[in-house]
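K.L.:
Next up is a structure, given as structure tokens.
Values quoted throughout were computed directly from the atomic coordinates according to the rules given, and no laboratory measurement underlies them. All of these numbers come straight from a predicted model, not from anything done at the bench. Don't worry about glycine lacking a Cβ; one is built from the backbone with ideal geometry, like all the others, and counts go over all protein chains shown.
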Amino acid sequence: MEVTKKVENFLKFLKENYGETISSLISYSKQSENLLIKETKQSDYSSKITHSLDIFSTNDDWYNSKSLEELESRINRCIKCELGKTRTKFVFGSGNPNADIMLVGKAPGADEDIQGLPFVGRAGQLLTKLLKNFGIDRNDVYICNILKCRPPNNRKPLPSEIEMCKPYLLKQIELIQPKVIIALGATAVEGLFNLKKKMGELRGKILNFNQIPVIVTYHPAALLRNPNWEKEFLDDLTILHKQFPNVLKGKRK
């Protein structure tokens, strides 16, 4: 069966059993061309579905979760890929469940694997500091990763691992309904859009994920390796205030 046919069947199942919400997050057309990335210069990219939907089971009860807490309780024992067998703790996400801003990284590291929370190591501490310097309280945003389990030796997530974990991220986005997503690094973009591009091609653009604006910037781990990029990180956050000045006003509780 072709991938596009699997998509149609899966979306039909979601619509019949759970309504329009989660299916709208992955409402790919038959041509798989509706995930468009919009540049400030109005040039577009399109992404194609590269992952199979065989991993989905109609018996998975997490589809019907009504809150992040409920979702976490239903997926935190996941062993759909090998990472589930090697992790110390499942790293779901943390922050304001009604956040206007959602930050998405690639995968947990060693500290996150121990504590079960995202971005708590050196990179996370730097992220917290930079957000604070820009007037963003970490407690007001929601932070998570594409993968919920740490890859061995902090290696880059495999496409198959992204494929397994992405549905959980989509459900998180559906429940939070952020006004803006900040993608931390090229791997986060790859996970959201099935698109492989270098950071130089992604920064300075506003991407569109199911009508949610996505701003791309460096992963804080990259800033630890090259502190000179901190200025560019803050420049990217400037897009947030210039294009979406009200995003931090009237925070949802």
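K.L.:
For the range 108-126, name all the residues that are closer than 19 Å to residue 218 by Cβ and touching a Ser or Thr at 6+ places or on another chain (Cβ under 8 Å).
P.N.:
Passing the criteria: 118, 119.
K.L.:
I'm trying to understand the selection: among the residues of the range 132-157, which are within 17 Å of residue 95 (Cβ to Cβ) and within 18 Å of the chain's Cα centre (by Cα)?
P.N.:
138, 139, 140, 141, 142, 143, 144, 145, 146, 148
K.L.:
So, residue 223, is that one assigned to a strand (DSSP E or B) and touching a residue at least 60 places away in the same chain (Cβ under 8 Å) or not?
P.N.:
no
K.L.:
Could you list, in sequence order, the residues of the range 152-184 that are in a loop (DSSP other than H, G, I, E, B) and surrounded by fewer than 21 Cβ atoms within 10 Å (Cβ to Cβ)?
P.N.:
155, 156, 158, 177, 179
K.L.:
Within the range 127-151, can you find the residues that are in a loop (DSSP other than H, G, I, E, B), in contact with a Ser or Thr (Cβ under 8 Å, 6 or more places away or on another chain) and either small (Gly, Ala, Ser) or within 21 Å of residue 214 (Cβ to Cβ) (or both)?
P.N.:
146
K.L.:
Sticking with this structure for a sec: Output yes when any residue across the range 204-211 is free of Cβ contacts under 8 Å to residues at least 40 places away in the same chain and either within 21 Å of residue 143 (Cβ to Cβ) or part of a helix (DSSP H, G or I) (or both), and no when none is.
P.N.:
So far as the range 204-211 goes, no, none of its residues is free of Cβ contacts under 8 Å to residues at least 40 places away in the same chain and either within 21 Å of residue 143 (Cβ to Cβ) or part of a helix (DSSP H, G or I) (or both).
K.L.:
Okay, next question. Hey, can you tell me all the residues within the range 193-237 that are under 18 Å from residue 100 (Cα atoms) and of a type outside the set (S, T, N, Q)?
P.N.:
206, 207, 209, 212, 213, 214, 215, 216, 236, 237
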